[in-house]
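The structure appears below as structure tokens.
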């Protein structure tokens, strides 16, 4: 099923305050993670290292920070539900397409030595040239994918 429509921004429900608050929380959390673990915040770096390396070579404080990071990712939808319903999850993609997309993202993450949060939030804020190249590459690939799948092949 192809995409047949224009993108619409829901300006009525857009709230700059919540967007700014969310961005500030991401920045503060990234800074706290860096201070606590000495590493750039990014789920790819946290889960890519084998569990044996976590247990054998890292001090206990680093384990606690990493585990709290992953726990925060897993618990955040449940915490959100205390105050508001979760947004509906809508996908027009097949299960096969979703699996293929996930594998490609995982491959790209390994190839680029990091994920969007690591490069986009933390790397760019440190003015990292490598992160800038990675962000341009994955944003360009995303733009090209949308152009191809929703406009040229639709």
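Residue-by-condition table, conditions (1) touching a strand residue (DSSP E or B) at 6+ places or on another chain (Cβ under 9 Å); (2) surrounded by 11 or more Cβ atoms within 10 Å (Cβ to Cβ); (3) under 29 Å from residue 25 (Cβ atoms):
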site	(1), (2), (3)
86	no, no, yes
97	no, yes, no
121	no, yes, yes
137	no, yes, yes
141	no, yes, yes
Inset, instruction - Kindly indicate whether residue 82 is exposed (fewer than 13 other Cβ atoms within 10 Å of the Cβ) and not in a helix (DSSP H, G or I). - result: yes
Legend entry - Residues of the range 121-150 classified as at pLDDT below 85 and within 23 Å of residue 100 (Cα to Cα), total: 2
Inset, instruction - Only residues in the range 2-30 that are at pLDDT below 75 count as the first member; pair them with residues that are not in a helix (DSSP H, G or I), Cβ under 9 angstrom, at least 6 apart or cross-chain, and list the lot. - result: 2/153; 2/154; 3/92; 3/154; 4/154
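The values are calculated or read from the model by the stated rules, or taken from the named source; none is laboratory data. Values in this document were obtained by computation on a predicted structure and should not be read as measured data. We place every Cβ from the backbone using ideal geometry, glycine too, and count neighbours over all the protein chains shown.
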